[in-house]
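> Have a look at this one.
The values are calculated or read from the model by the stated rules, or taken from the named source; none is laboratory data. Predicted model only: the values in this text are computed from it and were never measured. Counting neighbours? That spans all protein chains shown, and the Cβs are built from the backbone with ideal geometry, glycine included.
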Amino acid sequence: MAANRPEGHTPSAPAWCVVDFPELTAYSMIFSKGPGNADTLAELQAALTGGDEAPDHVERARVVNFSDEGDDAEEAQGDIESVFMAYWVDPVVYERWRDGCEVLERSGVYCETAIIPAERWETIAGTKRPLPGVRNLTSVDLTELHDYWGAARDRMAASADDPFEAAAGAPLPANLCLIRSGQKWDECLDDEREMYFTNIEPKLRAGIEFLAANRDSGCISSRFLREQTIDGEDVESTSFVGWFDDLASLEAWSKSHSTHLAIFHSFLSTVHLLGRPPKLRLWHEVSVLPEGGVELVRSELSPLADLLT
């Protein structure tokens, strides 16, 4: 069922999505922040890349909220916040890893974990080439459910009979929404690269800054990540990770707020100016969590801590 798809709609370009998610996925973001945390990061890396309980897929990034100048200032103080993004196809294995990982008790380390049923996921990308995220656990296929407002909800199977309304009055309430939205420019030629950093990327940063500063938008946490190799070397890729109080808040910002519309229109104008198919790879994954689907380790360090009171 595609409740939001306009009658007769045909997408303007092909797109691919995951169509066969694991029954349950444990997606954990493990953060480490503080001066002199190199040893902690090395131990986290070892714990996430070896052993029977290691995740099925793991990536690494550093938080760069929000300007290049700010990144340099933080780095000079040795206070970079790093994050490992780990995906397990079996939450029980994740729990064994969590319970046995002593480095999680180190100063400045905390985790935000989502346990996501298959019917509460959706992804989209303009390419079937390799990209970060949950698609590394499964395969992708072409979809007609894109290129219209509300398509993300339509791609989520549970939306057929669940409006995913925000729950209130409970710690870590049901239907919290998590998005990871990526931008990968490693294959762009020089002219497209210049257009991206001149026309699109500044507007992307402005949108992320707006969400971080405006809790009434429904965004609880807004992070901009510079993707890295597992060893901590920067790669030509970024992503936005945001927690929202529900999917409707994310949809409202995407559809109607000036900061997101500026991102959207800057991409369209860049494609027009480029005059050829872009090499920039854009993608996202969105999930809506059921009651009990969010877990915090060292919750006092997380922006989601306010939801516990």
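Every residue, every condition in (1) among the polar types (S, T, N, Q); (2) touching a Lys or Arg at 6+ places or on another chain (Cβ under 9 Å), yes or no:
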position	(1), (2)
Lys203	no, no
Ile208	no, yes
Gly218	no, no
Thr229	yes, yes
Thr238	yes, yes
Ile263	no, yes
Pro290	no, yes
Glu295	no, yes
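> Determine whether the range 191-208 contains at least one residue that is part of a loop (DSSP other than H, G, I, E, B) and either within 19 Å of the chain's Cα centre (by Cα) or at pLDDT 95 or above (or both).
no
> Might you check whether a residue that is in a helix (DSSP H, G or I), on the phi < 0 side of the Ramachandran plot, in contact (Cβ under 8 Å) with a residue 60 or more places away in the chain and surrounded by 15 or more Cβ atoms within 10 Å (Cβ to Cβ) occurs anywhere in the range 209-229?
Scanning the range 209-229 turns up at least one residue that is in a helix (DSSP H, G or I), on the phi < 0 side of the Ramachandran plot, in contact (Cβ under 8 Å) with a residue 60 or more places away in the chain and surrounded by 15 or more Cβ atoms within 10 Å (Cβ to Cβ).
> Return the only residue of Leu145, Leu172, Leu131 being over 22 Å from Leu282 (Cβ atoms) and not in a helix (DSSP H, G or I).
Criteria check complete, one pass: Leu172.
> Would you point out which residue out of Leu250, Leu289, Leu268, Leu304 is within 18 Å of Arg193 (Cα to Cα) and out of contact with any helix residue (DSSP H, G or I) (no Cβ under 6 Å at 6 or more places or on another chain)?
Answer to the selection: Leu268.
> Say whether the condition of being in contact (Cβ under 8 Å) with a residue 24 or more places away in the chain and part of a helix (DSSP H, G or I) is met by at least one residue in the range 276-289. Show your work before the answer.
Of the range 276-289, the ones in contact (Cβ under 8 Å) with a residue 24 or more places away in the chain are 278-289.
Narrowing the set further to residues that are part of a helix (DSSP H, G or I) leaves none.
No, the conditions are met nowhere in the range 276-289.
> Suppose we filter the range 15-46 for residues that are over 22 Å from the mean Cα position of the chain (by Cα) and part of a loop (DSSP other than H, G, I, E, B); how many remain?
Restricting attention to the range 15-46, the residues satisfying the condition of being over 22 Å from the mean Cα position of the chain (by Cα) are 34-40, 42-43, 46.
Adding the requirement that they be part of a loop (DSSP other than H, G, I, E, B) leaves 34-37.
So the count comes out to 4.
> So Ser239 passes all but one of these: (1) more than 26 Å from Val92 (Cα to Cα); (2) part of a strand (DSSP E or B); (3) more than 15 Å from the chain's Cα centre (by Cα). Which condition number does it fail?
Failing condition for Ser239: (3).
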